[in-house]
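Data block below; observations after.
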Amino acid sequence: MEISVLKFGGSSVASATNMSRVLDLVEMEARERRVILVSSAISGCTDALLNAGPDSLLEMEKRHRDIVTRLFTGADRTRVQALVDALFTELRQAPADEQVTYGEILSTTILCEKLKAEGCRTVWLDSRDLVVKDNEKETYRRIRQAVDAADAHVLVAPGFICREESGKVSTLGRGGSDYSAALYAAAVKASSLQIWTDVPGIMTANPRQVSRARSIPRMSYTAAREMASHGAKVLYAPTVAPAMEAGIAIEIRNTFAPEGGKTVISSDVTGERNVGLASQQKGSVVEICLVGSRNVPAVEQALTEAGIGPLRLWEEGGNVLLTVRPAVEGSALKALHRAFFETLPLQQIYLFVAGYGAVGKALVQLVRQASSTVEARTGKTLRIGGLADSRRFSIDLSGAPADPSEEGDFVDRVCAVAPRGSVFVDCTDSKTLYQRYAQLFAAGLNVVSSNRRSFAVPYADYAALHAAARENGAFLRYETTVGSALPILDSIARGANSCDEILSLEAVVSCTLNQILGDYRPGGESLASLVRKARTAGLTEPDPRVDLGGEDALRKLLILAREAGVKLEAGQVKIDPVVPETILEGSLDAFFEKLESYEPSFAAACRQAEQQGFRRRFVASLEKTEEGYRAGIGLKNVPPVHPAYHLSGTENAIIIRSTFHPYPLVIQGPGEGARDAASSILNDILR
Ligand code: ADP
Ligand code: ASP
Ligand code: MG
């Protein structure tokens with residue numbers, strides 16, 4: 001039969017009422033499984049026994065007698081009262097250093113007798129004979145043997161106490177009952193280890209010091225051990241190892257609100273960041289630990305803002321540590337809790353910009369120019385926290401990073417230092433940077449991207465990016481990737497979210513080709529010459545064949561379709577390049593030569609279209625058919641009634657027909673320019 005180990009702390013058994021609560025919880029668990037009940041001494045008892053003046057001893061005796069009186073009636077009361085009296089006699093005769101062990105013996109004796117009185121098959125296990133100090137192997141052997149031999153459904157064992165190899169009775173250290181419970185659980189391979197206390201699990205800080213502390217629902221063994229060993233008294237640090245080695249999750253729950261918050265500690269949790277705050281007195285100073293953070297600058301800033309100067313501040317073993325004078329412990333904890341675990345009314349948003357080309361630079365400039373307007377309108381302060389080009393980066397949380405000069409992995413560094421809620425901006429042209437987005441989300445960052453390659457990946461990868469963002473409560477926005485500052489993706493997504501189904505979508509969103517095709521006149525400047533010019537003007541991709549071959553349009557179409565809820569893959573799109581494939585092949589020089597010789601055919605096709613009253617536009621389209629969606633990209637002859645007929649320069653247009661709208665939604669306007677892109681990115685950041 002499966003076994004659960006339930007451990008109750010001192011406040012959980014502090015009175016007859018509390019003990020009744022505990023026994024209810026035990027009886028509930030015992031309906032399903034065998035139970036080992038481990039208990040601490042009643043609260044205050046261990047302290048009283050440690051400085052066992054006659055007065056404090058008398059008071060303890062009275063408290064135990066009161067509990068017995070309230071819990072039992074008739075013959076049971078007399079019998080248990082006699083047991084308690086005998087224990088106090090034994091206690092008074094025990095060696096001074098063993099007296100402290102009677103607290104747990106008393107509390108568990110009462111609990112055990114009450115269970116028996118209620119008709120539960122119960123035995124008391126003497127932890128002094130089972131738990132051998134510093135010898136887990138022997139401890140496990142003895143516990144297993146005792147539990148196997150016991151003819152009982154509920155076994156009650158005192159926490160905290162043990163025996164040394166020499167035979168001397170001893171303890172496992174203050175708070176040691178948690179560890180006792182873990183030893184019992186590991187020995188019998190318990191299916192559940194529950195530590196019941198007076199708070200709803202391990203919290204982001206000690207709730208007695210920080211009233212806004214909240215429960216941490218799930219955490220790793222490592223994080224729990226770090227919290228415990230840095231002063232979070234809710235769990236005794238040595239408890240973690242036996243549970244972890246036996247693969248048993250530790251649940252920390254509140255006896256006084258069993259259905260409320262709790263913490264489950266297991267190996268299922270990884271990549272935790274900013275776990276919680278713990279503090280402990282060390283000599284004349286208090287050491288505070290922000291578990292799971294390496295962000296020394298952010299800690300420093302939070303303290304500075306609160307007017308607190310730490311005595312020392314450093315990073316060690318994946319935590320930030322600091323020491324302060326005891327007088328400022330409370331305010332330091334509150335300030336750090338506010339900075340790391342509470343959302344602020346005035347939101348400070350740090351931007352980490354990858355890609356320091358035209359768009360990246362325009363963004364930085366725009367943020368600097370517009371920050372006070374943004375603050376006045378939105379209550380958000382923007383700060384550039386870091387910049388990176390393709391090789392180097394610079395980070396400065398004061399908001400003035402220099403030009404990129406440091407070598408190393410920008411994303412890793414950002415993840416280590418960025419405050420939660422920061423925004424990582426991908427203005428690169430990288431094919432692989434999207435693979436790091438999940439890491440950024442896990443580190444508490446949001447992502448805004450103008451890099452359309454990130455979203456033209458296989459659909460499964462695209463969906464995984466969104467899932468990773470959702471799981472981490474982060475946002476992922478990339479309005480800029482299609483039509484630059486035009487609100488295209490947002491319009492489509494809004495329609496799709498409200499169940500408006502797209503019937504067809506036509507996107508004339510290649511600025512390069514709109515410009516070139518707009519300027520082209522048969523007999524005038526050749527196509528090759530216009531392409532060359534556009535390339536020099538920085539209007540094409542570095543290799544203009546990416547535009548002419550439809551590759552860029554394909555990326556945009558994939559993004560548009562997916563935003564509309566259509567799981568389009570690149571392979572499903574039929575592409576007719578502006579010029580035949582054979583011309584696009586080979587070296588760039590060869591391509592331009594071939595393009596010159598293609599001029600007559602291209603001119604003829606244009607002339608013919610013109611004669612029929614059409615203009616030629618490069619259109620990416622998606623259409624709902626009986627067999628599902630059909631997607632294609634190519635040159636199309638558009639009549640004067642078509643919105644794309646009148647496009648000029650690098651203007652973009654998108655025409656959407658959907659079930660809700662008899663007339664198409666047309667979005668048209670400038671679709672190009674670094675400043676436009678920057679303003680679109682800024683909108684994504686602030687939205
Ligand atoms: P028990 O007697 O149940 O073993 P403890 O007094 O040993 O209980 O531990 C529970 C106490 O730990 C709480 O009352 C709380 O004041 C303190 N504590 C310190 N840090 C934390 C934290 N991060 N989360 C929850 N409680 C904490
Ligand atoms: N009663 C012991 C103490 O107060 C052990 C425990 O409660 O965990 O330290
Ligand atoms: Mg404790």
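The values are calculated or read from the model by the stated rules, or taken from the named source; none is laboratory data. Given the structure is predicted, the values throughout are model-derived calculations rather than measurements. Neighbour counts are summed over all protein chains in view; Cβ atoms, including those assigned to glycine, are modelled from backbone coordinates with ideal geometry. With ligands, DNA and RNA removed, areas are computed over all heavy atoms of the protein, side chains included. Shrake-Rupley method; radii C 1.70, N 1.55, O 1.52, S 1.80 Å.
Those residues that are in a helix (DSSP H, G or I), under 20 Å from R163 (Cβ atoms) and either within 16 Å of ligand 2 (Cβ to nearest atom) or touching a Leu at 6+ places or on another chain (Cβ under 9 Å) (or both), I need them from the range 113-143; list them, please. Of everything in the range 113-143, those that are in a helix (DSSP H, G or I), under 20 Å from R163 (Cβ atoms) and either within 16 Å of ligand 2 (Cβ to nearest atom) or touching a Leu at 6+ places or on another chain (Cβ under 9 Å) (or both) turn out to be S127, R128, L130, E136, T139, Y140, R142, I143. Residues in the range 224-240 that are open to solvent by 10 Å² or more (accessible area, probe 1.4 Å) and out of contact with any helix residue (DSSP H, G or I) (no Cβ under 8 Å at 6 or more places or on another chain): E226, H230, G231, A232, K233.
Of note, A146 does not satisfy the criterion of being in a loop (DSSP other than H, G, I, E, B) and more than 16 Å from ligand 2 (Cβ to nearest atom). Only one entry in D66, D24, D55 is away from ligand 2 (no atom under 15 Å from the Cβ), among the acidic types (D, E) and modelled with pLDDT under 95, namely D55. With the condition kept exactly as written, say whether any residue in the range 476-493 is farther than 30 Å from I349 by Cα, open to solvent by 20 Å² or more (accessible area, probe 1.4 Å), touching a Ser or Thr at 6+ places or on another chain (Cβ under 8 Å) and in contact (Cβ under 8 Å) with a residue 60 or more places away in the chain. No: zero hits. Looking across the range 156-170, the residues that are more than 13 Å from ligand 3 (Cβ to nearest atom) and touching a Ser or Thr at 6+ places or on another chain (Cβ under 7 Å) come down to V156, A157, P158, I161, C162, R163, E164, V169.
Every condition in (1) under 23 Å from T17 (Cβ atoms); (2) buried (at least 21 other Cβ atoms within 10 Å of the Cβ); (3) under 45 Å from the mean Cα position of the chain (by Cα); (4) not hydroxyl-bearing (S, T, Y) holds for V100 except the one numbered (1). The range 157-267 holds helices (runs of 4 or more DSSP H) entirely within its bounds, and those carrying 1 or more residues that are more than 23 Å from G292 (Cα to Cα) and within 16 Å of ligand 2 (Cβ to nearest atom) map to 177-187. Sub-6 Å Cβ pairs linking a first residue in the range 615-628 that is within 20 Å of Y645 (Cβ to Cβ) to a second residue that is β-branched (V, I, T) and part of a strand (DSSP E or B), at least 6 apart or interchain, are R615/V638; R617/V508; R617/V638; V619/V508; A620/I633, ordered by first then second residue. Of D55, D24, all but one fail to be closer than 16 Å to R92 by Cα, of a type in the set (D, E, K, R) and more than 16 Å from ligand 1 (Cβ to nearest atom); the exception is D55. In the set V291, V324, V328, only one residue is away from ligand 1 (no atom under 16 Å from the Cβ), open to solvent by less than 10 Å² (accessible area, probe 1.4 Å) and at pLDDT 95 or above; that residue is V324. Go through the residues of the range 389-410 one by one and say whether even a single one is touching a residue at least 60 places away in the same chain (Cβ under 8 Å) and among the basic types (K, R). The answer is no, given that none of the residues of the range 389-410 is touching a residue at least 60 places away in the same chain (Cβ under 8 Å) and among the basic types (K, R). Return the residue satisfying two criteria in turn: it lies in the range 163-185 and is of a type in the set (G, A, S) and surrounded by fewer than 24 Cβ atoms within 10 Å (Cβ to Cβ), and of such residues it is nearest to ligand 1 (Cβ to nearest atom). Only one residue fits best here, namely G175. The residues on offer are A249, A224, and the sole one that is within 14 Å of ligand 3 (Cβ to nearest atom) and under 21 Å from D198 (Cα atoms) is A224. Evaluation of I105 against the conditions (1) assigned to a helix (DSSP H, G or I); (2) open to solvent by less than 60 Å² (accessible area, probe 1.4 Å); (3) away from ligand 2 (no atom under 16 Å from the Cβ) shows that the sole unmet condition is (3).
Of the helices (runs of 4 or more DSSP H) that lie entirely inside the range 520-638, those containing 1 or more residues that are within 49 Å of the chain's Cα centre (by Cα) and loosely packed, with under 13 Cβ neighbours inside 10 Å span 527-536, 581-584, 588-611. Restricting the first member to the range 117-138 and to residues that are under 28 Å from P238 (Cβ atoms), and the second to residues that are open to solvent by 30 Å² or more (accessible area, probe 1.4 Å) and in a loop (DSSP other than H, G, I, E, B), the beta-carbon pairs closer than 6 Å and six or more apart or on different chains are K133/E164.
Within the range 267-297, being in contact with a Gly (Cβ under 7 Å, 6 or more places away or on another chain) and free of Cβ contacts under 8 Å to residues at least 12 places away in the same chain holds for no residue. Scanning the range 77-100 finds no residues that are in contact with a strand residue (DSSP E or B) (Cβ under 6 Å, 6 or more places away or on another chain) and within 17 Å of D198 (Cβ to Cβ).
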